[in-house]
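These notes concern the structure reproduced below.
The values are calculated or read from the model by the stated rules, or taken from the named source; none is laboratory data. As the structure is a prediction and not an experimental result, all values here were calculated from the model. In this analysis, Cβ positions are derived from the backbone assuming ideal geometry, glycine residues included, and neighbour counts consider all displayed protein chains. Side chains are part of the model used for accessible areas, which takes the heavy atoms of the whole protein and leaves out ligands, DNA and RNA. Shrake-Rupley method; radii C 1.70, N 1.55, O 1.52, S 1.80 Å.
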Amino acid sequence: EAGVVQSPRYKIIEKKQPVAFWCNPISGHNTLYWYRQNLGQGPELLIRYENEEAVDDSQLPKDRFSAERLKGVDSTLKIQPAELGDSAVYLCASSFGLEPNYGYTFGSGTRLTVV
Amino acid sequence: AQSVAQPEDQVNVAEGNPLTVKCTYSVSGNPYLFWYVQYPNRGLQFLLKYITGDNLVKGSYGFEAEFNKSQTSFHLKKPSALVSDSALYFCAVRDGNYGQNFVFGPGTRLSVLP
């Protein structure tokens, strides 16, 4: 089975430019997460989707970040405009519901560098 | 609120020696505890989990972890370290009664020296 697929793997942009990341979760996984991982730190949740509904976006900086999960499958995370402090690895993960026995499966992440 | 602490930024161990990576947690309800490993330029990979049952949990690549409720700890262990075990290790916790999301610790970098 294919894992969680993210693209692009790397992105370098100038500050104030927009950027978008894409995630394709494991087939059948209805719960999708976006995490941000700063250098040397653990991942921090940005948003959680259950199907197409964003059920927890309390940590998403809504002035510049947006996300969507049309049809409850693929998801896109956008930053507009990007700031230097947004440089990080953006990880997508998916799971089958919230049952802990299923755990998370993470993608390889998108490493964003804002210059 | 739930939280995770990994008191050591870095752990160094010689190949063939036992290793321990420490994790302590704080939750209001029952803890669901996970360990993940991250290799350079890769996503997080699941190692093992504790949900309920036996306090000693065995996982991938020969790793195991012991749940200690009184000490609120979930230390990761391996009897004999390999150089290929060198990576970043993350402990994560979710409150089984009140939490919807996992909270990750800051990570511990394990270096196994040949």
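Which one of B:F90, B:F74, B:F104 has the biggest mean-square fluctuation once chain B is modelled by GNM with Cα springs under 10 Å?
B:F104
Using the Cα centre as the reference, give the magnitude of the dipole from point charges on the C-beta atoms of chain A (Lys, Arg: +1; Asp, Glu: -1; all else neutral), rounded to the nearest 20 debye.
Dipole size: approximately 480 debye.
If I stretch the segment between B:V83 and B:A5 completely, what's the gain in nm (0.36 nm per residue apart, minus their alpha carbon distance), one decimal?
Difference between extended and current length: 25.6 nm.
Can you tally the net charge around B:Y61? Count Lys and Arg as +1, Asp and Glu as -1, for every other residue whose Cβ sits under 9 Å from the Cβ of B:Y61.
Neighbourhood net charge equals 0.
To the nearest whole number, what is the average tally of beta carbon atoms from other chains within 10 Å of the beta carbons of peptide B:34-47?
4
With charges only on Cβ, +1 for K and R and -1 for D and E, what is the dipole size of the protein assembly as shown about its Cα centre, in debye, rounded to 20?
That gives a dipole near 380 debye.
Modelled label-to-label distance, A:L39 and A:K62, 7 Å Cα→beta-carbon offset: nm?
3.2
Select from B:P40, B:P18, B:P79 the residue whose mean-square fluctuation is largest in a Gaussian network model of chain B (Cα-Cα springs shorter than 10 Å).
B:P40
Within segment A:19-115, report the trypsin sites (Lys or Arg not before Pro) that DSSP leaves as loop and that have at most 15 other Cβ atoms within 10 Å.
Passing both the DSSP loop test and the Cβ count: A:K62, A:R64.
Treating the beta-carbon of each Lys and Arg as +1 and of each Asp and Glu as -1, no other charges, what is the dipole magnitude of chain B about its Cα centre, to the nearest 20 debye?
Magnitude of the dipole: close to 140 debye.
Gaussian network model of chain B, Cα springs within a sub-10 Å range: biggest mean-square fluctuation belongs to which of B:L44, B:L76, B:L33?
B:L44
Would you mind computing the Rg to Rh ratio of chain B from its alpha-carbon coordinates, Kirkwood style for Rh?
Rg/Rh: 0.96.
Among the residues of segment A:32-48, which ones have their accessible area go down by 50 Å² or more when all the protein chains sit together, as opposed to their chain alone (1.4 Å probe)?
Flagged in segment A:32-48: A:P43.
So, in Å, what gap is there between the alpha-carbon centers of segment A:7-47 and segment B:1-63?
Spelled out, the Cα-based centre of one part sits 23 Å from the other.
Give me the percent relative contact order of segment A:64-115, please, defined on Cα pairs under 8 angstrom at least 6 residues apart.
Computed over segment A:64-115, the figure is 33 percent.
Taking Rh as the Kirkwood radius computed over C-alpha pairs, what is the Stokes-Einstein D of the protein assembly as shown at 25 °C in a medium of viscosity 0.890 mPa s, expressed in µm² per second?
Rounded, D is 135 µm²/s.
Per residue, how much accessible area does the protein assembly as shown show when a 1.4 Å probe rolls over the protein heavy atoms, in square angstrom?
48
How many nm is it between the label spots at B:E66 and A:F96, if each spot is 7 Å from the Cα in line with the beta carbon?
Distance between label points: 3.3 nm.
What relative contact order, as a whole-number percentage, does chain A give when Cα pairs under 8 Å and 6 or more residues apart are counted?
It rounds to 37 percent for chain A.
Nearest 100 Å², what total accessible surface is buried between chain A and chain B (probe 1.4 Å)?
Protein heavy atoms only, the A-B interface buries about 1600 Å².
May I ask you to derive the relative contact order of chain B, considering only C-alpha pairs under 8 Å and at least 6 residues apart, and to give it as an integer percent?
So the answer I get is 38 percent.
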